[in-house]
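The values are calculated or read from the model by the stated rules, or taken from the named source; none is laboratory data. Fair warning: this is a prediction, and the values are worked out from it, not measured in the lab. Glycine gets a Cβ as well: all are built from the backbone with ideal geometry, and neighbour counts include every protein chain shown. Note: areas computed on protein heavy atoms with side chains; ligands, DNA, RNA excluded. Shrake-Rupley method; radii C 1.70, N 1.55, O 1.52, S 1.80 Å.
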Amino acid sequence: MDPPPPSPSPAIPREAWEGCSVLLDINDGDRLAFFRLTPAAYLLTVKIGNKTCSLQPLVGRPFGSLFRVGADGLVPCTAADASSLRDDSTRDGDDGQVQDETRDNRSLVDNNTAQNLSSDDIEAMKRDGATGDEIVEALIANSSTFGKKTVFSQEKYKLKKQKKYAPKVLLRRPTARSICETYFKKSPARTGFMRVDTLSLLLSMANIGPYSDALVVDMVGGLVVGAVAERLGGTGYVCSTYLGKKPSSIDIIRMYNLSGDMASRIAQAPLNDLCSLQNSGNTPSVLNGSSQGEVTKPIAVSTEDTQLSLAQQGDTVVSDEKQQLSAEQPVDMEVSEPPLEEEHPVQDETSSLDNKGNDDGSIASRSLKAGKTPSPEKMKYWKEHGFSSLIVAAPGNEVESLVADLLPLLSDSAPFAIYHQYLQPLATCMHSLQVSKMAIGLQISEPWLREYQVLPSRTHPHMQMNAFGGYILSGIKIHNTDAVVANK
Amino acid sequence: MMVPLDPAGKLSSQRRIAEGDTVVVYERHDAMRAVAVRAGGVLQNRFGVFRHDDWVGRPFGSKVHSSAGGGGGGGKKGGGKAGGFVHLLAPTPELWTLVLSHRTQILYIADISLVVAYLELVPGCVVLESGTGSGSLTTSLARAVAPHGRVHTFDFHEQRATSAREDFERNGLSSLITVNVRDIQGEGFPEEHRGAADAVFLDLPQPWLAIPSVSLMLKQDGVLCSFSPCIEQVQRACDAMRSCFTDIRTFEILLRTYEVRDGSLNSGTANEEAVVGPRPQKRKKFTPSGENSGCTEKTSSVLVRPCSTAKGHTGYLTFARLRV
């Protein structure tokens, strides 16, 4: 149907550009915030410690670069700055063997008297223009117990002081991985508690790849739709279908920096329409009527709509789409997105921008093109060819009847993956699929993920661990010829 | 086609099995194999004898019956219930991992999916891999970067490199994957890829020897993944990474699977030995509600519990980003 897109400019943009979405990682994951570097980026600020810094210095900088807080705001870290962070954990004996540690903590008493500098002294240093690193050195020099600590304990102490007095800001590129991890860490209810390994399994098990026609039920804020669109890379389609009349919010796709091509591959259609196509064999006239007016409807026009759909999902998490540029949120994550109407006063040329398919210029307006109602031709195509993949991420929903409605929309031999937070509904669903013979290769899996700290003489799994990332029911849809199928 | 290179190659209800296609013959959940369809070809298994000619023209996902009774699958002729049957599935990288011939230990879906996600691969990326092994991960990498990206994979074993190359060709992946014979530990990656790789994957006995070369191959903020079964390897690799890499994280991932059955539990009351729920039935039979013997409420009798066998360990995955 569509020719493959021409070989694009680098698949991965390596620098932040005006209008892109970025993820700021402050102090090694202590604080995480999404921002959009709109043309008025100099107006956007982030509060670090007690200093308010403009985001303007981030524009044009490479993803992965570090910033520190200077007198006038964010300043890119130099190689010297970066090396002071690095030296400690690489300090080993000459031949690569770690010297045996002879110190221990038997004589260390935690009674708050070890530090000689008072908070007034530190304030005075700051007023005199001392850098954060200089303050940290001073604290170390004035600590009576520092020398008695083990070298590991000294490193830990230094890192802790650095975080407080010399915070570092890391400019991260939002991707399925970093977006998923951020939400999981800071605001998991928003994404149905989906852990990054679970998301990656859904994408593999459903065989998401180029030219896929993916059918997705995304009630996890758009995390899955965005990840699928990212994997499609501008080919294929993802039809995000929803129950009832109103689509659930998929605002998270805005974090993904999807190009115009990728965003235009995302369509939203009510499940009723898809199913009625299947049954009647005709494109319903209702669909024709609604598609006229809705082709360029953006996903979330106002914050009120967002609030409403969040409330419908029963989320208890603070709405993070509000335009709060610098205030701290009760949850440790900020999403700073100006309301869509204000982003670009002139929204008309979106269609011509789409044809260029390149990433220079504003991406923000492109994301508005996602989520439109599919054309009648597209609906007909899906009816005749079936979808080639299905992912269901509706962790609060009953699955058995939902899956029974969705599977007939797939072509035979199409794989599917269903995510849920509860085991029993998946077990019932699996059993029902076995009995009705609508699928083979059925499996319920629970991924287990454990992270390790790997440091010389200090290698062990992390002390804190997440114990549950969800369940997945996977399988392959087949043509059911001989068993009796009950009508729903 | 295992990884579509154009819209015609993808799975759809309109596609039909043709001569030359690879199908995955699904006998049971733990018994599958890849078969290249050819005129006059025949597949013989425990369920009977299957003629390829019967498959041509059918859609993928079809159920096909044996043309003659098989040894263990019931001796009746024709398509009756007692006749043997299999399903013909369209190949995917996941299915390929389960059916490919193991020349080496391979990576399975849990590790593969985390690697693809954590390497942040999207269509158009260039990724380097060493060693190729049996090509299990390589196939999934190809899907992730298709249709315009590239996987350059290296193995020091000439014969295995050849077998992998042949597999990729049969699976239609030659335009996405280049296979080269090279000792990456000894020689590093080739100069031609300097600064061109979005991601690098290492599955080597001594990955620390290759780390300096990786740091030259990756683009800024590019991602490295090193897979090692032993923790000592991980420690040495991480040590080697610290000068040029940041964000070094090590994980292990495993899948716990669950088994489901339709069953009943014995009642626990002191007096009666009543059985709660319908009697155990064979999975094949579908009873519409209302016909359950002696049971008026519609209680779920589906029982689920974890499988007792599981993989205990495959390897540690260490990810890192090239410092900017």
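Taking all protein chains together and rolling a 1.4 Å probe, B:T269 ends up with roughly 90 Å² accessible.
In this calculation the C-beta distance from A:N112 to A:T52 is compared with R0 = 41 Å, giving a FRET efficiency of 0.85.
Between B:Q220 and A:E451, what FRET efficiency follows from the Cβ-Cβ distance if R0 is 25 Å, with the result rounded to 0.05?
Working: r = 25 Å, r/R0 = 0.99.
Computed FRET efficiency for B:Q220 and A:E451 comes out at 0.50.
Distances between placed amide hydrogens fall under 5 Å for B:F245 paired with B:R323, all partners being 5 or more residues away or on another chain. Note on A:L243 and B:S243: with the Förster distance fixed at 35 Å, the Cβ-Cβ geometry gives a FRET efficiency of about 0.10. Solvent-accessible area of A:S259, all protein chains in place: 20 Å² (probe radius 1.4 Å, heavy atoms, ligands and nucleic acids excluded).
Across the stretch A:15-86, the mean sequence separation of Cα contacts (distance under 8 Å, 6 or more residues apart), normalised by length, yields a relative contact order of 25 percent. Our estimate of slack between B:A270 and B:E192, defined as 0.36 nm per intervening residue step minus the Cα-Cα distance, is 20.3 nm.
How big is the B/A interface in buried accessible area, both sides summed, 1.4 Å probe, to the nearest 100 Å²?
Details: alone 18020 and 24290 Å², together 35400 Å².
Interface area, both chains combined: 6900 Å², rounded to the nearest 100.
Here the stretch A:154-189 is scanned for amide nitrogen atoms under 16 Å from the site 7 Å beyond the Cα of A:A467 along Cα-to-Cβ, giving none. Going by accessible surface with a 1.4 Å probe and the largest first, A:I140, A:I250 read A:I140, A:I250.
Which pairs break 24 Å Cα to Cα here: A:K186/B:K219; A:K148/A:K168; A:K378/A:K477; A:K126/A:K164? Spell out each step's value before the answer.
Numbers: A:K186/B:K219 30 Å; A:K148/A:K168 28 Å; A:K378/A:K477 22 Å; A:K126/A:K164 13 Å.
Violating the 24 Å Cα-Cα cut-off are A:K186/B:K219; A:K148/A:K168.
Sorting B:R236, A:R177, B:R182 by accessible area puts them as B:R236, B:R182, A:R177; the probe is 1.4 Å, largest comes first, and only protein heavy atoms count. Only protein heavy atoms count here; under a 1.4 Å probe, A:Y237 has an accessible surface of about 50 Å². Residues in the stretch A:263-277 carry Karplus couplings, in order, of 5, 6, 7, 9, 10, 10, 9, x, 4, 3, 5, 5, 6, 6, 4 Hz; the curve used is 6.51 cos²θ - 1.76 cosθ + 1.60 with θ = phi - 60°, and Gly or Pro positions show x.
Less than 5 angstrom separates the built amide H of A:K372 from those of A:Q268, all sequence-distant by 5 or more or on a different chain. Spin-label model, A:Y422/B:E259: points 7 Å from Cα along the beta carbon direction are separated by 2.6 nm. Each 10 Å bin from zero holds the following percent of Cα-Cα pairs in chain B: 5, 21, 25, 20, 15, 10, 4, 0, 0.
To one decimal place, what orientation-averaged projected area in nm² is obtained for the convex hull of the Cα set of the stretch A:15-86? Spell out each step's value before the answer.
Details: hull surface 19.3 nm².
One quarter of the hull surface, i.e. the mean projection, equals 4.8 nm².
Within 11 Å, Cβ to Cβ, of B:F251, how many net charges do the neighbouring residues add up to if Lys/Arg are +1 and Asp/Glu are -1? Walk me through the numbers before you get to the answer.
Numbers: positive: A:R450, B:R249; negative: A:D197, A:E451, B:D111, B:E252.
Charge balance near B:F251 sits at -2.
Think of it as helices only: each DSSP H run of n ≥ 4 in chain B is worth -39500 (n - 2.57), and spread over all residues that comes to -5500 deg cm²/dmol at 222 nm.
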